[in-house]
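Please read the structure below before turning to the comments.
The values are calculated or read from the model by the stated rules, or taken from the named source; none is laboratory data. None of these values were measured; they are calculated from a predicted model. Positions of Cβ are generated from backbone atoms using ideal geometry, with glycine treated the same way; all protein chains shown enter the neighbour counts.
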Amino acid sequence: MDAKISTSFRELCGRHGLAVTHQRQVLYEAMQRMHGHPSPEDVYHRVRKRIPSISLATVYKNIHLFIESGILREVSLHHGSLRVERNEHPHHHLICTVCKSITDIDEIYLGLSAKPSRLPGGFLAERYAVDILGRCKSCQT
């Protein structure tokens, strides 16, 4: 276990009002080492190597807890399956409709500099997330 990740996880939980448990710490550490936007199933397969008795339901429950507390963010709410990310820098996503890969794209490429917090009908925007659907380079061939 990486001492730096362990300490930062304890501090992160403290800031977000979560109790530190062994399972949560192992889940967090696994996700820190995973690239991209892992699904709960991806995390589950990685974590089972360290905690063979963990269930997929426990992984889902803790990922949802991390999302609700603000430790993680959920990628697109409507593209098929739950995917999470750690990237807190303002960005959006390129989603391949064929292989379902998700790639981050900096918002500067989309020209989205002005983002009002109040929208028509009194809607209060908390976060902007644009999904650009298409085909990745690999799936175009």
query = Looking at the range 75-88, is at least one residue loosely packed, with under 13 Cβ neighbours inside 10 Å, modelled with pLDDT under 90 and on the phi > 0 side of the Ramachandran plot?
reply = yes
task = Check residue 42 against each of (1) over 11 Å from the mean Cα position of the chain (by Cα); (2) over 25 Å from residue 133 (Cα atoms) and name the one condition it does not meet.
result = (2)
inquiry  = Just the residues that are acidic (Asp, Glu) and either in contact with a Pro (Cβ under 7 Å, 6 or more places away or on another chain) or modelled with pLDDT of 85 or more (or both), please, taken from the range 107-130.
reply    = 107
Given (1) exposed (fewer than 14 other Cβ atoms within 10 Å of the Cβ); (2) of a type in the set (Val, Ile, Thr); (3) touching a residue at least 24 places away in the same chain (Cβ under 8 Å), number of the condition residue 108 does not satisfy = (3)
remark   = Given (1) under 30 Å from residue 21 (Cβ atoms); (2) part of a loop (DSSP other than H, G, I, E, B), residue 44 misses just (2)
task = Go over the candidates 71, 95 one by one and state the one that is surrounded by 15 or more Cβ atoms within 10 Å (Cβ to Cβ) and touching a residue at least 40 places away in the same chain (Cβ under 8 Å).
result = 71
The range 47-61, residues that are in a helix (DSSP H, G or I) and among the β-branched types (Val, Ile, Thr) = 47, 58, 59
inquiry  = Being over 26 Å from residue 90 (Cα atoms), modelled with pLDDT of 85 or more and of a type in the set (Gly, Ala, Ser): is that true of residue 53 here?
reply    = yes
ask   = Taking interchain pairs and intrachain pairs at least six residues apart, which have beta carbon atoms under 8 angstrom, with the first residue in the range 47-62 and within 14 Å of residue 25 (Cα to Cα) and the second assigned to a helix (DSSP H, G or I) and aromatic (Phe, Trp, Tyr)?
value = 54/44; 59/44
Output for the range 14-29, where each listed residue is more than 19 Å from residue 85 (Cα to Cα) and in a loop (DSSP other than H, G, I, E, B) = 17, 19, 20, 21
